[in-house]
Amino acid sequence: MITYNTINVAMPELVETEVSAWVRNTAATYNKKVGDINYIFVDDETMLDINRRFIGHDYYTDHIGFDYSKDDSLSGDIYISLDTVKTNAELYQVKPEEELRRIIIHGLLHLCGFRDKTDEERELMQQAEDKALKEL
């Protein structure tokens with residue numbers, strides 16, 4: 001089951017059934033199935049608090065994921081800062097909705113096993129994001 005929740009922000013405009021189908025289809029391309037994935041949309045201050053308490057980092061970020069996956073069944077909590085998504089959209093000169101879709105799928109790709117710590121990993125992640133974004 002895929003759920004969408006908010007903390008301290010309004011729910012972004014998205015068609016949940018379409019996004020959920022897209023997330024499931026993307027997972028299937030990596031031979032994964034969706035278990036319980038919770039997308040939680042938050043503001044920057046909530047994200048900073050989560051980052052400090054659970055990750056030990058003292059900075060803002062666009063997303064933080066907690067992976068509870070087992071074998072090929074993807075489960076996790078994916079927190080997304082709508083404030084940072086908006087800031088990044090301005091920075092990258094894209095629509096906020098487009099940046100939000102990228103972060104939604106970015107979180108899923110982390111659950112699929114993609115990483116983005118090295119240049120090579122970031123390149124593979126971006127290629128996977130671009131491929132998935134064409135499918136929505």
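The values are calculated or read from the model by the stated rules, or taken from the named source; none is laboratory data. This structure is a prediction, so every number in the text was calculated from the model and none was measured. Methodologically, a virtual Cβ is constructed for each residue, glycine included, from the backbone with ideal geometry; neighbour enumeration extends over all protein chains shown.
Select, from 1, 47, the only residue that is farther than 21 Å from residue 125 by Cα, out of contact with any Leu (no Cβ under 6 Å at 6 or more places or on another chain) and surrounded by 13 or more Cβ atoms within 10 Å (Cβ to Cβ).
47
Residue 72 fulfils the conditions (1) more than 16 Å from the chain's Cα centre (by Cα); (2) in contact (Cβ under 8 Å) with a residue 60 or more places away in the chain except for a single criterion, (2).
When the range 28-39 is filtered for residues that are buried (at least 18 other Cβ atoms within 10 Å of the Cβ) and either on the phi > 0 side of the Ramachandran plot or within 13 Å of the chain's Cα centre (by Cα) (or both), the ones remaining, listed by number, are 37, 39.
Let's see how each residue does on (1) in contact (Cβ under 8 Å) with a residue 40 or more places away in the chain; (2) among the polar types (S, T, N, Q); (3) more than 15 Å from residue 80 (Cα to Cα):
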site	(1), (2), (3)
5	no, yes, no
13	yes, no, no
24	no, no, yes
28	no, no, yes
31	yes, yes, yes
44	yes, no, no
48	no, no, no
53	no, no, yes
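Assess whether residue 132 counts as being closer than 21 Å to residue 15 by Cβ, part of a helix (DSSP H, G or I), in contact (Cβ under 8 Å) with a residue 12 or more places away in the chain and in contact with a helix residue (DSSP H, G or I) (Cβ under 6 Å, 6 or more places away or on another chain). The answer is yes for residue 132.
Criterion applied to 50, 37, 64, 55 was being modelled with pLDDT of 95 or more, hydrophobic (A, V, I, L, M, F, W, C) and more than 26 Å from residue 134 (Cα to Cα), and the one residue passing it is 50.
Please go through the range 78-109 and pick out each residue that is acidic (Asp, Glu) and either buried (at least 21 other Cβ atoms within 10 Å of the Cβ) or within 19 Å of residue 22 (Cβ to Cβ) (or both). Passing the criteria: 97, 98, 99.
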